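Below is one structure, written out as structure tokens; the observations come after it.
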Amino acid sequence: MAHPGGTVTTQGDGAPSPEEVATLLRAGASAPSSHNSQPWRLRWHEGSIEVHGDPDRLLSAADPDGRELRLACGAALTNVRLAVRAQGRRAHVALMPDPDDPWFLGRVRPGAALPPSGWEIELAAAVARRHTDRHAFDHRPLSASLRDQLARAAWRERCRLVVVDDPAQRRALRELTAEAHRQQRADPAFVAEWERWIGHAARTEDGLPAADARREPRGDAAWRPRDFGAAVEDAERGSRRDGAATDEPTIAVLVSYDDTGLAHVRAGEAMQHVLLTATARGVGTSFVAPPLEVAPVRARVRALLGGVLWPQVILRLGWGRAVHPTPRRHDPGA
Ligand SMILES: Cc1cc2nc3c(=O)[nH]c(=O)nc-3n(C[C@H](O)[C@H](O)[C@H](O)COP(=O)(O)O)c2cc1C
């Protein structure tokens with residue numbers, strides 16, 4: 001599934017056809033996930049798309065509590081919901097519907113016909129175009145109205161997006177990023193897990209295939225300590241010749257009001273709503289994951305932001321460029 005996502009149609013009447021169900025599953029499977037671990041099982045069952053977290057795909061060193069797994073599954077739920085809307089049906093969402101099954105993270109049931117709004121169609125179309133953009137971003141800031149749109153995307157999913165503008169706060173967050181990265185590189189379990197997913201010869205449908213991977217972290221990029229695209233490096237060598245290429249991203253932290261499993265799924269929905277809004281507006285996005293993966297560092301990030309809300313995702317945003325897609329499993333239900 002090299003080009004995940006699906007075409008946008010607006011039929012709506014009756015139950016989804018097998019082709020429409022396949023489109024919904026493809027949309028779910030194109031969600032982002034840490035190490036491209038795709039930690040979900042997606043299936044069509046009793047008239048709903050179900051999203052189950054897959055414990056076999058849990059990153060036990062980077063994500064021992066499964067927080068990032070739930071973020072990824074929340075993102076898959078947003079994609080499915082938008083794809084249902086783009087097919088012209090109501091989307092009925094239930095999060096964590098079975099109190100006895102903590103891995104059953106959500107389902108989306110297509111309902112009665114309801115035409116999508118223009119904006120829902122744009123967001124659904126962005127599902128297949130969204131890719132993590134690890135290029136250096138230049139100085140051009142995001143406009144106030146764009147920042148407002150991104151903030152509203154988070155707010156509509158009951159989260160908040162905090163843009164880190166204050167120079168002292170930015171510096172502190174960069175230092176915490178470096179600190180977390182240092183700790184992870186010194187942890188043999190983390191490094192072994194990384195090497196199983198990134199650039200491993202056996203990986204073709206998940207992780208980062210060897211042809212695209214760059215195992216050693218880049219030394220020159222404070223906000224991208226463990227980004228791993230060889231193709232990106234080549235492109236940047238080119239752009240440096242043109243005089244661009246210091247990385248001056250907008251940094252935004254998605255925060256939630258709670259830190260429960262359910263809050264993580266919601267934060268994943270919000271993350272994806274923000275990412276798709278950015279994509280629809282031509283803004284590139286990538287993740288600054290390390291500081292939220294090392295628990296004591298995450299506590300310091302939380303304190304830095306006032307100590308009340310819970311940081312779930314740190315995003316790097318800037319004016320994007322075309323990005324190479326990553327692979328997906330052929331069968332996201334397996
Ligand atoms: C919670 C989370 C953390 C991530 N952390 C990193 C990271 O540290 N470095 C990186 O290069 N990509 C990171 N990613 C991006 C994934 O590698 C990417 O989503 C995956 O490879 C699929 O590619 P795509 O986003 O282009 O579809 C992260 C994604 C998520 C959802």
query: With each pseudo-label sitting 7 Å past Cα toward Cβ, what's the D138-D56 distance in nm, one decimal?
result: 4.7
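Assuming 0.36 nm per residue, please report the length gained on full extension of the stretch V163 to A295 beyond their Cα-Cα distance.
45.3 nm
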Radius 11 Å from Cβ of T279, net charge of other residues (Lys, Arg +1; Asp, Glu -1): +1
statement: Counting only backbone N atoms under 18 Å from a point 7 Å out along Cα-to-Cβ of A303, the residues of segment 156-179 in range are 168-179
- prompt: What's the angle, to the nearest 10 degrees (0 to 90), between helix 144-155's Cα axis and the longest principal axis of the chain?
  reply: 60
statement: Given Cβ charges of +1 for Lys and Arg and -1 for Asp and Glu, the option among G284, W40, H330 whose Cα lies farthest towards the positive end of the dipole of the chain is G284
query: For segment 68-179, what does the equivalent ellipsoid look like in terms of its semi-axes, each the square root of 5 times an eigenvalue of the Cα gyration tensor, given largest first in whole Å?
result: 31, 20, 13
- prompt: For the chain, what does -39500 (n - 2.57) per DSSP helix run (n ≥ 4), summed and divided by total residues, give at 222 nm, in deg cm²/dmol to the nearest 500?
  reply: -12500 deg cm²/dmol
message: Quick check: pseudo-label points 7 Å beyond the Cα along Cα→Cβ at L114 and A22, how many nm apart are they?
response: 2.8
statement: Relative contact order in percent for segment 18-129 (Cα pairs under 8 Å, 6+ apart) equals 27
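Using the Kirkwood radius over Cα pairs, work out the Stokes-Einstein diffusion coefficient for segment 18-129 at 20 °C and 1.002 mPa s, in µm²/s as a whole number.
The calculation lands on 152 µm²/s.
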query: When only C-alpha pairs under 8 Å and at least 6 residues apart count, what is the relative contact order of the chain, in percent?
result: 24
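Dipole size in debye (nearest 20) for the chain around its Cα centre, Lys and Arg Cβ +1, Asp and Glu Cβ -1?
Dipole size: approximately 620 debye.
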task: With a 10 Å radius around each residue's Cβ, average the other Cβ atoms per peptide and rank 145-154, 267-276, 111-120, highest first.
output: 267-276, 145-154, 111-120
task: Taking the Cα atoms of segment 22-74, report the difference between the largest and smallest coordinate on each principal axis, in whole Å and largest first.
output: 35, 18, 15
Span per principal axis, largest first, for the Cα atoms of segment 120-185 (Å): 42, 28, 26
message: Starting from the 7 Å offset along Cα-to-Cβ, what nm value, one decimal, do you get for the label separation of R196 and V93?
response: 3.1
field: Evaluated over the chain, the Cα radius of gyration and Dmax, each in Å
entry: 18.9, 58
- prompt: Can you give the Kirkwood hydrodynamic radius for segment 100-157, in Å, rounded to one decimal and based on Cα pairs?
  reply: 15.5
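None of the figures in this text is laboratory data; all of them are computed from the coordinates on show. Quick caveat: nothing in here was measured; it's all calculated off a predicted structure. Please note: Cβ atoms are built from the backbone with ideal geometry, for glycine as well, and neighbour counts cover all protein chains shown.
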